1. Out of all the residues in the range 55-100, which are among the small types (G, A, S) and exposed (fewer than 13 other Cβ atoms within 10 Å of the Cβ)?
2. Hey, any hits in the range 329-339 for a residue that's in contact with a helix residue (DSSP H, G or I) (Cβ under 6 Å, 6 or more places away or on another chain), among the charged types (D, E, K, R), part of a loop (DSSP other than H, G, I, E, B) and not assigned by TED's automatic domain parsing to the domain that holds I202?
3. Out of L172, L168, which single residue is within 16 Å of the ligand (Cβ to nearest atom), among the aliphatic types (A, V, I, L, M) and part of a loop (DSSP other than H, G, I, E, B)?
4. When the residues of the range 236-257 are narrowed to those that are within 28 Å of M54 (Cα to Cα) and surrounded by fewer than 18 Cβ atoms within 10 Å (Cβ to Cβ), which ends up nearest to the ligand (Cβ to nearest atom)?
5. Select from the range 29-42 the residues that are under 24 Å from S346 (Cα atoms) and not in a helix (DSSP H, G or I) and list them in ascending order.
6. If only one of A129, A144 is surrounded by fewer than 19 Cβ atoms within 10 Å (Cβ to Cβ) and either out of contact with any Gly (no Cβ under 7 Å at 6 or more places or on another chain) or touching a residue at least 24 places away in the same chain (Cβ under 8 Å) (or both), which one is it?
7. With respect to F228, is the statement that it is farther than 18 Å from F132 by Cβ, near the ligand (Cβ under 9 Å from one of its atoms) and aromatic (F, W, Y) true?
8. Could you tell me which numbered condition F24 fails, if it satisfies all but one of (1) in contact (Cβ under 8 Å) with a residue 24 or more places away in the chain; (2) part of a helix (DSSP H, G or I); (3) away from the ligand (no atom under 16 Å from the Cβ)?
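The values are calculated or read from the model by the stated rules, or taken from the named source; none is laboratory data. Please read these numbers as outputs of a predicted model, since none were measured by experiment. Using ideal geometry, Cβ is built from the backbone for each residue, glycine included, and neighbour counts are taken over all protein chains shown.
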Amino acid sequence: MISPKKYAKPARIIPKGYKTANEFFDFVFNDKDMIWMGQNTNHLHDENQIMDSMIQSIKKRDYNKYPPPEGFPELKELILKDLGLQNEFEILITAGGTESLYLCTNDILSPENNTITCDPGYLIIDNFASRFGDHVKSVPIYNAECGYKLTPELVRENMDNNTKLVSLIDPLNPLGSSYTKAELKDFADIANDNDIYLLHDITYRDFARDHQLMAKFAPEHTVTVYSFSKIYGMAGMRIGSVIGVPDVIKSIKAIVINDLGTNVVSQRGAIAALKSKKEWLSRIKNTTRSNQDIIKKAVDKVEGAFIPVFPSEGNMLAIDLNNTGVSPLEISEYLLDRKVFTREGSYTSKLFGHRYLRVSFSIPPEHVEYFVEIFLKGMKVLMGSK
Ligand SMILES: Cc1ncc(COP(=O)(O)O)c(C=O)c1O
């Protein structure tokens, strides 16, 4: 008899009427009218080179063969060039940021090691870290004093002799907070002085106004997690990478899971995405900026509601509802009944999930307009019913 392992678990709530989370996701995925604000995916790409290259790849039956196991060299080069990290860095193509996170935690942590993460945050990192290390310290950061992010001061306060890994999600899912150069330099000092690794998850990097790379300040102590799921609009293709100095990547290669390589069609799409990035990046960034302005104007009309981090540097933000008397679950169910999929805070926080609703806004502006109309109506009805 095999019993399930007891790792840190995300505090997920299965929406009413569904037996499992998978059943719920299958339902929302297949509803073509559903407005997609519950996952931070990107729905703003046209029919472009990314799509064409994947169709061409399928037509050529690329998928009959295994790809080179570490990724097509052209793709590896393009990612490093995108980050300006060509010279001293190595890279491995993975089936998404998630696989990269797993590989990093597996590689860096020994059973006696502790990890520092933050709450709110991306809870699968806590789960992975708890599989390979000892204690995971999830530091509460939902307050204005720390700027709604894990600061160098908080890391100093919470680290101990066994701390080996600090997770920096930048911009942060779900709040959209991001780091300054000065903060990254401070983290670099902590890492270098204490031989700690910094897990820099840059999944939302391209939505930010002025994003900086930890790898430039602490190259030997940083692993960078890169995803094609967000700005590139390729979440369903499951592709990403992990970047570090050659020693680190060599050690990660020794524990690799996908040793026959990552999806060929996805890699072809990723190559086209990087080559065409200049053509669509500003349009997508501008749309996400103006979409979050529309949301802010609506939230300002609801007494007691506020957006903790505005503007968000990502493609999602949190709406704090704690003083409205309406729970995130109530409003998310109200919205879902009207075909708007959003996420209650418990998906990204154990401590503060009861306070906020997370909404993603890399969707067409008319969908955002529909959301604010229904959100305002819903808040009025639900606040009135108290
Ligand atoms: C911070 C963070 N890292 C990684 C991921 C997953 O990325 P991928 O789709 O590349 O596995 C997500 C997805 O939402 C995320 O929010």
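1. Matches in the range 55-100: G84 only.
2. The answer is yes; a qualifying residue exists.
3. Numbers: L168 fails: part of a loop (DSSP other than H, G, I, E, B).
Just one listed residue meets the conditions, L172.
4. G236
5. Hits for the range 29-42 are D31, M34, I35, W36, M37, G38, Q39, N40, T41, N42.
6. Values: A129 fails: surrounded by fewer than 19 Cβ atoms within 10 Å (Cβ to Cβ).
Answer to the check: A144.
7. When the stated conditions are applied, F228 passes them.
8. The single condition F24 does not satisfy is (1).
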